[in-house]
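The values are calculated or read from the model by the stated rules, or taken from the named source; none is laboratory data. A quick note: this is a predicted structure, and the numbers were derived from the prediction, not measured. Neighbour counts run over all protein chains shown; Cβ positions are idealised from the backbone, glycine included.
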Amino acid sequence: MIQDSVSSLLVTRDPKLRNALNYLFSVALKHHFEASDCLKDLQARLSGKDAVFVHMTSKCTQSLELITQAKSMRTAPVVIVLQGEKADLGAQAFLAGADDVVTWPCSLHELAARLFVRLGRPLDQTNLPIDKISWETEAYIAERAGLTLSEAQVMRVLYHRDGQIVSRDELSLALDDRPWRYGDRKFDVHVAKIRKKLSDSFCSGVSVSTIRSSGYRLVTSGDDLFERG
């Protein structure tokens, strides 16, 4: 996570896009994220935002006006337009003031990189951790299982250590920036809920178990999770 948190606003009616970007910013990057499905009365919510994502699947005068409004603010946020695969809105979006236009769906790593470049943030492991784990797969698991934000944060740490035991102390340091305190059952409660939700959604494809006196272990079947049900 970077030292200065980025505050982002997404304007969309697409729940899958909202869930994916919520996972990207709130879970993977631990930044502040809001979403709205309405283009009206957004002035107050635009204030103080570092970035605004506007989802456009067809020409929408209100969306273009929102872009212009955001870029006319005294401290203007970076505006990135997410257009549908069959849309051709780039020129109109740029003319309205957009800083970038991206076709959605796209790589979450790439979307974050594009934002940080336009914010003038360095692309390093501190700001944008790059590893072999697919953020899209993480977001898909969290969405399909209906994990809460706290549960998704725990699942992410376990998923990155797939098949290995993760101690309560490791979870506490990763999520709360402090050592685990004996008697704190917070993670036991989270893991119990995560276990049931994963079992209901993926059967044996993704499972998490409690290892007595050691911690927790998440195991994936190795199959393509996107092909499941």
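Laid out as a table, the results:
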{"read-out": "Selection from region 160-217 of residues that are without any contact (Cβ under 8 Å) to a residue 24 or more places away in the chain and β-branched (Val, Ile, Thr)", "value": "189, 210"}
{"read-out": "Residue among 188, 223, 162 that is of a type outside the set (Val, Ile, Thr), modelled with pLDDT of 90 or more, outside the structural domain of residue 111 (by TED's automatic domain parsing) and more than 18 Å from residue 30 (Cβ to Cβ)", "value": "188"}
{"read-out": "Failed item in (1) within 28 Å of residue 14 (Cβ to Cβ); (2) hydroxyl-bearing (Ser, Thr, Tyr); (3) surrounded by fewer than 14 Cβ atoms within 10 Å (Cβ to Cβ), with residue 159 passing the rest", "value": "(3)"}
